[in-house]
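The values are calculated or read from the model by the stated rules, or taken from the named source; none is laboratory data. As the structure is a prediction and not an experimental result, all values here were calculated from the model. Virtual Cβ from ideal backbone geometry, glycine too; neighbours counted across all protein chains shown.
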Amino acid sequence: MRRRRSAGPPQPCRALVSGGSGGIGAAVCKALATVGMHVIVHAGSRLDRAEQVVAEIIAAGGQAEAVQFDLGDEAACSAAMTRLTEPEPLAVVVHNAGTHDDAPLAGMTALQWQRVIDINLNAFYRLVQPAMLGMARLRWGRVVAISSVAARLGNRGQANYAAAKAGLHGAVICLTREMAARGITANTVAPGLVDTDMLDSADSEQALALVPAGRLGRPEEIAALVAFLCSDQAAYINGQLIGIDGGMAPG
């Protein structure tokens with residue numbers, strides 16, 4: 001059997017991280033910069049936060065730039081991705097950005113459903129699809145979708161969020177079958193409770209009883225896994241849903 005070999009990561013390796021200005025996103029950006037990637041730090045609204053992440057990366061000797069556009073705006077996403085992919089291909093796309101707007105399904109409005117699906121799931125298509133041709137030409141690429149333990153266990157009031165996050169894994173599996181032969185991998189990471197500003201303190205204290213590890217995860221722990229999946233060493237890991245949740249949803 002003839003062995004297929006990846007061309008290896010391009011130099012420089014350009015990586016886009018959506019929601020790179022948030023807790024997990026910032027940690028992912030810094031981890032990718034540490035291994036030598038040029039990181040494009042995306043912000044949805046707070047460009048100043050993305051610029052702060054960029055400043056920290058540059059101060060540590062890395063390469064980064066900040067971008068801002070609304071993931072829920074199809075035209076804005078298309079224009080931004082054209083700007084980002086025309087000079088040279090993106091080799092890595094990490095769709096980390098997400099939002100939630102909780103309500104019981106019986107009382108959930110159409111707007112609540114649509115906005116959460118749009119940012120968490122539809123934005124995956126808007127970011128990844130334009131990057132595919134460039135990755136195919138490189139014969140090397142890494143796609144990582146950040147899902148959630150909610151997609152595996154469910155959670156009251158989060159039917160929209162869980163549906164969107166679960167949908168990411170379905171998209172990743174299909175992408176794997178379509179692009180693996182070109183040296184492109186796609187995987188889903190499903191964090192549990194992580195110590196970030198987005199985590200409600202009251203909810204986290206109650207939910208900690210469900211975590212066998214007995215503690216919150218750290219953004220750096222999520223980032224370490226993402227950085228590995230984006231490396232050449234992870235070339236044979238493809239189409240996987242990997243939980244990193246302290247044992248909340250084993251198996």
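Within the range 37-51, the residues that satisfy the criterion of being surrounded by 15 or more Cβ atoms within 10 Å (Cβ to Cβ) and not basic (Lys, Arg) are Met37, His38, Val39, Ile40, Val41, His42, Ala43, Gly44, Leu47, Ala50, Glu51. Residue count for the range 114-164 under the criterion of being closer than 20 Å to Met179 by Cα, of a type in the set (A, V, I, L, M) and out of contact with any Lys or Arg (no Cβ under 6 Å at 6 or more places or on another chain): the result is 13. All conditions but one from (1) basic (Lys, Arg); (2) in a loop (DSSP other than H, G, I, E, B); (3) more than 17 Å from Val116 (Cα to Cα) apply to Arg177; the one that does not is (2). The helices (runs of 4 or more DSSP H) found entirely in the range 22-86 that carry 2 or more residues being free of Cβ contacts under 8 Å to residues at least 12 places away in the same chain are 47-59, 74-85. Residue count for the range 139-164 satisfying the condition of being buried (at least 22 other Cβ atoms within 10 Å of the Cβ), assigned to a loop (DSSP other than H, G, I, E, B) and over 15 Å from the mean Cα position of the chain (by Cα): 2. Quick test for you: out of Ala181, Ala234, pick the one residue that is of a type in the set (A, V, I, L, M, F, W, C) and touching a strand residue (DSSP E or B) at 6+ places or on another chain (Cβ under 9 Å). Among Ala181, Ala234, only Ala234 is of a type in the set (A, V, I, L, M, F, W, C) and touching a strand residue (DSSP E or B) at 6+ places or on another chain (Cβ under 9 Å).
Being under 15 Å from the mean Cα position of the chain (by Cα), at pLDDT 95 or above and β-branched (Val, Ile, Thr) holds for only one residue in Val194, Val172, and it is Val172. When residues in the range 52-66 are screened for being crowded, with 18+ Cβ neighbours inside 10 Å and among the hydrophobic types (A, V, I, L, M, F, W, C), 5 of them pass.
Please verify whether the range 164-187 includes one or more residues that are in contact with an Asp or Glu (Cβ under 7 Å, 6 or more places away or on another chain), touching a residue at least 12 places away in the same chain (Cβ under 8 Å) and of a type in the set (A, V, I, L, M, F, W, C). Checking the range 164-187: not a single residue is in contact with an Asp or Glu (Cβ under 7 Å, 6 or more places away or on another chain), touching a residue at least 12 places away in the same chain (Cβ under 8 Å) and of a type in the set (A, V, I, L, M, F, W, C). When Val189 is evaluated against the numbered criteria (1) assigned to a strand (DSSP E or B); (2) surrounded by fewer than 22 Cβ atoms within 10 Å (Cβ to Cβ); (3) of a type in the set (A, V, I, L, M, F, W, C), which criterion, by number, is the only one it fails? The single condition Val189 does not satisfy is (2). Taken together, the residues in the range 214-233 that are more than 21 Å from Ala97 (Cβ to Cβ), outside any loop (DSSP other than H, G, I, E, B) and in contact (Cβ under 8 Å) with a residue 60 or more places away in the chain amount to 1. Summed over the range 87-138, the residues that are of a type in the set (Val, Ile, Thr) and in a helix (DSSP H, G or I) give a count of 4.
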